[in-house]
């Protein structure tokens, strides 16, 4: 794992170091201090900005999964009482065909999280290495030399060092800060998931196995963060809290401006557009308020000549 993550650790170290240099150039004090805290915030912003194209793909994939739910439910109902291997195979084949027709799949929405995970683990390892590097127990990582590690190690966030971990620190102030950060991280995760589930899902997608899985994740993900957070360094908790807040804001903007068809958010957008038009004395047609309505899939009925069925 260490060998695989080494290049990412090197990049993380350089981005963090470069952000710190930027803040010192803007007038902040060099050495231990707030500049190192803001450097982690800057690292978060850089990572999330680079991932915006992946976020767009994730939104499209999620919408695709929501819109195909009626078709998937129909397939599940069709093979509900058929347990033989042939029926199972046919069900899988028809399900994959639906995914192919709509250009989506269940794994696309997980891709940004999976791609961000190596960065998260690399940051975790870099921050965990600050103490050993500062004490001369191991070599530095990129620009994080013994002297730099000493400055980072001495930097504090309301009395908690960046490398402090709840389970190992003896500082009461550090433990209080860790608990607050865990609560913020957990709450932001919950509200981000809830915002997506409650506001941006059509009624058709609120039923079935996928909907139940989504509702379960609404509570499971924050619980996982709450339990595992006691093993994260303060710097990682800052990173994860900021990235959750970024996700919440980015998702709020997307839901507000580009809601999923048939969702509560789309109804709110339609009402807002209608009220804005009414204030200008304009009456919008339903199609104008709703936007582009997708035509039903299937073969178009062909017109028939009146004398087509006449004899002779």
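The values are calculated or read from the model by the stated rules, or taken from the named source; none is laboratory data. These figures come from a predicted structure and were not determined experimentally. Cβ coordinates were reconstructed from backbone atoms using ideal geometry, including for glycine residues, and neighbour counts include every protein chain displayed.
Figures for the structure shown
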quantity	calculated
Boolean, residue 223 is in contact with a helix residue (DSSP H, G or I) (Cβ under 9 Å, 6 or more places away or on another chain), under 21 Å from residue 188 (Cβ atoms), modelled with pLDDT of 85 or more and part of a helix (DSSP H, G or I)	no
When residues of the range 32-73 are limited to those that are modelled with pLDDT under 85 and outside any helix (DSSP H, G or I), the one farthest from the chain's Cα centre (by Cα)	68
Helices (runs of 4 or more DSSP H) contained in the range 233-312 and holding at least 3 residues touching a helix residue (DSSP H, G or I) at 6+ places or on another chain (Cβ under 7 Å) and modelled with pLDDT of 70 or more	234-257, 264-279
Elements of type helices (runs of 4 or more DSSP H) contained in the range 91-205, each with 2 or more residues being at pLDDT 90 or above, on the phi < 0 side of the Ramachandran plot and buried (at least 21 other Cβ atoms within 10 Å of the Cβ)	146-154, 172-194
Pairs where the first residue, in the range 222-236, is under 22 Å from residue 158 (Cα atoms) and the second is loosely packed, with under 12 Cβ neighbours inside 10 Å and at pLDDT 85 or above, C-beta under 7 Å, 6+ apart	230/167; 231/167
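To keep it simple, each residue is scored yes or no on (1) in contact (Cβ under 8 Å) with a residue 24 or more places away in the chain; (2) closer than 18 Å to residue 153 by Cα; (3) crowded, with 17+ Cβ neighbours inside 10 Å.
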{"position": "8", "(1), (2), (3)": "yes, no, yes"}
{"position": "12", "(1), (2), (3)": "yes, yes, yes"}
{"position": "16", "(1), (2), (3)": "yes, yes, yes"}
{"position": "29", "(1), (2), (3)": "no, yes, no"}
{"position": "33", "(1), (2), (3)": "yes, yes, yes"}
{"position": "38", "(1), (2), (3)": "no, yes, yes"}
{"position": "50", "(1), (2), (3)": "no, no, no"}
{"position": "60", "(1), (2), (3)": "yes, no, no"}
{"position": "69", "(1), (2), (3)": "yes, no, yes"}
